[in-house]
Amino acid sequence: MITIAYVLYLAISIGLTVWVARTLSSNGEVFLIECFGHDVTLAKSTNHLLVVGF
């Protein structure tokens, strides 16, 4: 019974982490483009680095 609870907790945690990372990535890219003076390449690479680190 405890094993099922741990597996369920792990699945929910991984799902939420992936969902939050994707949401922050898509919404944060616009913010980073503004912060980096409309340098799209730098903003996208920084956004990718933040997603991997998250």
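Enumerate the calculated ³J(HN,Hα) couplings along the range 44-51 in order (Karplus 6.51 cos²θ - 1.76 cosθ + 1.60, θ = phi - 60°), each rounded to whole Hz, writing x wherever the residue is Gly or Pro.
These are the phi-based 3J(HN,Hα) values: 5, 5, 5, 4, 5, 4, 5, 5 Hz.
Going by how many other Cβ atoms sit within 10 Å of their own, how do PHE36, PHE54 line up, fewest first? Working shown, then result.
Details: PHE36 15, PHE54 11.
The most exposed by this proxy come first: PHE54, PHE36.
Inverting the mean 1/r over all pairs of different Cα atoms, compute the Kirkwood radius of the chain and quote it in Å. Could you put the intermediate results ahead of the total?
Numbers: mean 1/r = 0.0796 Å⁻¹.
Taking every pair of different Cα atoms in the chain, averaging 1/r and inverting gives 12.6 Å.
Quick one: 3J(HN,Hα) in Hz for the range 23-39, Karplus 6.51/-1.76/1.60 with θ = phi - 60°, rounded, Gly and Pro as x.
Those phi angles translate into 5, 5, 5, 5, 7, x, 5, 4, 5, 5, 4, 5, 5, 8, x, 6, 8 Hz.
Quickly estimate the mean residue ellipticity at 222 nm for the chain, helices only: each DSSP H run with n ≥ 4 gives -39500 (n - 2.57), and the total goes over all residues, rounded to 500.
Working: 2 runs with 48 residues, N = 54.
-31500 deg cm²/dmol, from helical runs alone.
Taken together, the values in this text are just the output of simple stated rules run on the coordinates, not laboratory data. Model, not experiment: these values are computed from the prediction. Neighbour counts are summed over all protein chains in view; Cβ atoms, including those assigned to glycine, are modelled from backbone coordinates with ideal geometry.
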